[in-house]
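Q: I am attaching a structure below and will ask some questions about it afterwards.
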Amino acid sequence: MEEPQTPDTTPLSETKIPAPQPQTSARPTGRKVLCIEDEHFIAELYARALVKAGYDVTIKGDGVQALAEAQTNLYDVILLDLMVPNLTGIEILQALKDPTKTTPLKSKIVITTNLEQREDVRAAIEKQADGYLVKAELTPRELASFVDTIR
């Protein structure tokens with residue numbers, strides 16, 4: 001025969017309630033993204049979305065510093081704005097693709113811009129890069145989803 005259960009008479013003020021756990025970001029992907037973007041607000045939006053998706057993100061807003069960082073070959077994906085100070089995105093892209101200036105990269109390079117490009121100019125840029133995105137046409141979450149597809 002079972003013993004009758006006695007009700008819990010612990011006063012509510014003494015009840016231990018576990019502290020809420022902070023929400024965690026997605027499982028780390030182990031992938032690194034270099035975001036070359038001089039607009040602080042945009043860079044921050046991208047970084048937050050990518051970190052939330054599990055990426056390790058580094059931001060560089062100066063073209064010279066960005067090129068040096070990209071040449072370390074530590075990144076899986078480089079998001080490259082065309083308009084950054086001291087070196088343009090096109091100059092950075094050309095240097096990264098020039099075997100006399102940069103050893104071949106494992107990084108996939110995705111151009112991010114709001115500039116209108118003539119079709120022939122855009123085609124030439126796309127030929128050297130692994131992707132081309134117009135910033136005004138996607139949300140940071142959509143950017144993170146796009147980066148997920150890059151292998």
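All of the numbers you see were taken from the coordinates with simple rules; none came from a lab. Just so it is clear, the structure is predicted and the values come from calculations on it, not from any experiment. Note that each Cβ is placed from the backbone with ideal geometry, even for glycine, and that neighbours are counted across all protein chains shown.
Q: Full-extension gain between K127 and Q71, please, as 0.36 nm times their residue separation minus the C-alpha to C-alpha distance.
A: That works out to 18.2 nm of additional length.
Q: Still on this structure, please answer the following. Extension gain N86-S145, at 0.36 nm per residue separation less the Cα-Cα distance, in nm?
A: So the chain would gain 18.2 nm between N86 and S145.
Q: Between region 118-151 and region 90-117, how many Å separate their Cα centres?
A: The two parts, judged by their Cα centres, are 13 Å apart.
Q: Taking the Cα-to-Cβ direction at K32 and at Q117 and moving 7 Å from each Cα, how far apart do the two end points lie in nm?
A: 2.6 nm
Q: Using packing as a proxy for protection, rank 34-40, 116-122 so that the peptide with the highest average count of other Cβ atoms within 10 Å comes first.
A: 34-40, 116-122
Q: Additional query: Name the lysines eligible as straight-distance cross-link partners of K108: C-alpha to C-alpha under 30 Å, and not fewer than 8 places from it in the same chain.
A: Excluding near neighbours in sequence, the set is K32, K52, K60, K97, K127, K135.
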